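S.K.: First the structure, which I've put down as structure tokens, then a few questions once you've had a look.
The values are calculated or read from the model by the stated rules, or taken from the named source; none is laboratory data. The shown structure was predicted, so the numbers you read here are calculated from the model rather than taken from an experiment. Cβ placement follows ideal geometry from the backbone for every residue including glycine, while neighbour counts extend to all protein chains displayed.
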Amino acid sequence: MATGDDRALLRIGELARRLGVSQDVLRAWERRYGLLEPVRSSGGFRLYTAADEQRVRRMQSHLAGGLAAAEAARAALAEEGDRTVVTPPEPAPAERPRETESDPAQALLPATDRGLARLAADLRRALDAFDEPAAEAVLDRLFADFSVETALREVLLPYLHELGARWAVNEIGVATEHFASNVLRARLAGLARGWGQGRGPCAVLACPPGEQHDLPLIAFGIVLHRNGWRIVYLGADTPLADLGRTVEEKRPEIVVLAAVDVDRFRHSIPDLAALTRRTSLRLAGAGATAAVADAVGAKVLAEDPVTEAQRLSPST
Ligand code: B12
């Protein structure tokens, strides 16, 4: 494949950012399934076309629908043969770049980082005002313009984190925090629908006894499923004996436990150590210290939920 117009082409970093997929995953999909057909720049860099981007979006949608990675790739490629066109997300009107005939890939550009910041500010305003319809409208826009991964990593999770700081200095009250958490929880629950489907490896997700903060764990599960995993979600405040029984039954590839408070892990060290003898245990959240992970023989997922879920992709 050759083209004389490098401006219409994307470097791998930009493609990864747009799609919310790591560069490693893109390279793996190219190598294993021939999903991408980069051309080379004069300097030897891989450059990707709008068709590459659309193929990856179709692959993501098939993964989200429960297909295994190889099947999802086959389906994404076959649809191109049938000339099935997947419409890329529509940028917000204010951010929509001008289309030019000589540079068609420009028409596919998503809203810019400025657009993300504006959506984040709109969301905060709507939630601060207890305005659920306005908040839903901003969320609709956000998920239309950006990948789920970008929306979660750049807007929803930072919003939640910041909520705590604003709460700590009395800028907002508990009512705002509860209202906002519940609006976002409902949206995440919608994105999580069907995450138990598919034939990929199984991940069991839970919070240890006493821990209520499960929103980041849900975000993590959503991205994990989009990368081919099957999710068994036990959620907040899970008794470890029940978790152990689920592990026996489902034989998951990994178990991820998340907690804000390290004591939730510290109080259960013997049970957690017993769990690591039966499965691969990962600890996450602010309570997942290296010391407690060492004590139970688990690994720590130290980055944000989206980044960690992408790293655990079975396709890499
Ligand atoms: C929403 C919220 C709640 C909701 C939770 C709703 C839900 N279902 O999740 C409710 C109302 C239940 C709640 C209750 C409480 N909360 Co609260 N809550 C929050 C808030 C505002 C957002 C939490 C969140 O989702 N953050 C988003 C995540 C992504 O950000 P993060 O926590 O900084 O996480 C980083 C990493 O740890 C990592 N990460 C986090 N989780 C995971 C999971 C995975 C899998 C991975 C890979 C990574 C990862 O990603 C982030 C970026 O790197 C935080 C503020 C904050 N700073 O987070 C307070 C906060 C966590 N809560 C706090 C407190 C004190 C409480 C209560 C004790 C309040 C009370 N007096 O009742 C109770 C405790 C409940 C319990 N027993 O667990 C404190 C915790 C202080 C501490 N260090 O212990 C915080 C920090 C607020 C504050 N500034 O004081 N809370």
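S.K.: Take the conditions within 14 Å of the ligand (Cβ to nearest atom), hydroxyl-bearing (Ser, Thr, Tyr) and within 24 Å of residue 16 (Cβ to Cβ) and apply them to residue 159. Does it pass? Write out each step before concluding.
M.R.: Numbers: within 14 Å of the ligand (Cβ to nearest atom): yes; hydroxyl-bearing (Ser, Thr, Tyr): yes; within 24 Å of residue 16 (Cβ to Cβ): yes.
In short, yes.
S.K.: Picking from 263, 271, 242, 237, which residue would you name as being near the ligand (Cβ under 8 Å from one of its atoms) and charged (D, E, K, R)? It would help to see each step written out before you state the result.
M.R.: Values: 263 fails: near the ligand (Cβ under 8 Å from one of its atoms); 271 fails: near the ligand (Cβ under 8 Å from one of its atoms); 242 fails: near the ligand (Cβ under 8 Å from one of its atoms).
Checking each option against the conditions leaves just 237.
S.K.: I've got another one for you. Can you name every residue in the range 36-70 that is in contact with an Asp or Glu (Cβ under 8 Å, 6 or more places away or on another chain), crowded, with 18+ Cβ neighbours inside 10 Å and among the hydrophobic types (A, V, I, L, M, F, W, C)?
M.R.: Matches in the range 36-70: 36, 47.
S.K.: Same structure again: Among the residues in the range 111-118, are any more than 16 Å from the ligand (Cβ to nearest atom), at pLDDT below 95, in a loop (DSSP other than H, G, I, E, B) and surrounded by fewer than 19 Cβ atoms within 10 Å (Cβ to Cβ)? Working first, answer last.
M.R.: First, pick out the residues of the range 111-118 that are more than 16 Å from the ligand (Cβ to nearest atom): 111-118.
Now restrict to residues that are at pLDDT below 95: 111-118.
When the remaining residues are screened for being in a loop (DSSP other than H, G, I, E, B), the result is 111-112.
With the extra rule that they be surrounded by fewer than 19 Cβ atoms within 10 Å (Cβ to Cβ), the set shrinks to 112.
So far as the range 111-118 goes, yes, one or more of its residues are more than 16 Å from the ligand (Cβ to nearest atom), at pLDDT below 95, in a loop (DSSP other than H, G, I, E, B) and surrounded by fewer than 19 Cβ atoms within 10 Å (Cβ to Cβ).
S.K.: Still on this structure, please answer the following. Counting only residues that are assigned to a loop (DSSP other than H, G, I, E, B) and within 10 Å of the ligand (Cβ to nearest atom), which one in the range 168-207 is surrounded by the most Cβ atoms within 10 Å (Cβ to Cβ)? Show your work before the answer.
M.R.: Of all residues in the range 168-207, those assigned to a loop (DSSP other than H, G, I, E, B) come to 169-173, 193-201, 207.
Imposing the further condition that a residue be within 10 Å of the ligand (Cβ to nearest atom) reduces the set to 169, 172, 207.
Details: 169: 7, 172: 19, 207: 25.
Once the filter is applied, the top-ranked residue is 207.
S.K.: Among the numbered criteria (1) farther than 23 Å from residue 307 by Cα; (2) modelled with pLDDT under 95; (3) within 16 Å of the ligand (Cβ to nearest atom), which single criterion is violated by residue 150?
M.R.: That leaves (1) as the condition not met.
S.K.: Let me ask you something else. Looking at this structure, is residue 94 modelled with pLDDT of 70 or more and not charged (D, E, K, R)? Lay out the reasoning, then the answer.
M.R.: Values: modelled with pLDDT of 70 or more: no; not charged (D, E, K, R): yes.
So residue 94 does not fit the description; no.
S.K.: Here's a follow-up. Could you say whether any residue in the range 48-65 is in a helix (DSSP H, G or I), at pLDDT below 85 and of a type in the set (Asp, Glu)?
M.R.: Checked against the condition, which is being in a helix (DSSP H, G or I), at pLDDT below 85 and of a type in the set (Asp, Glu), the range 48-65 yields no hits at all.
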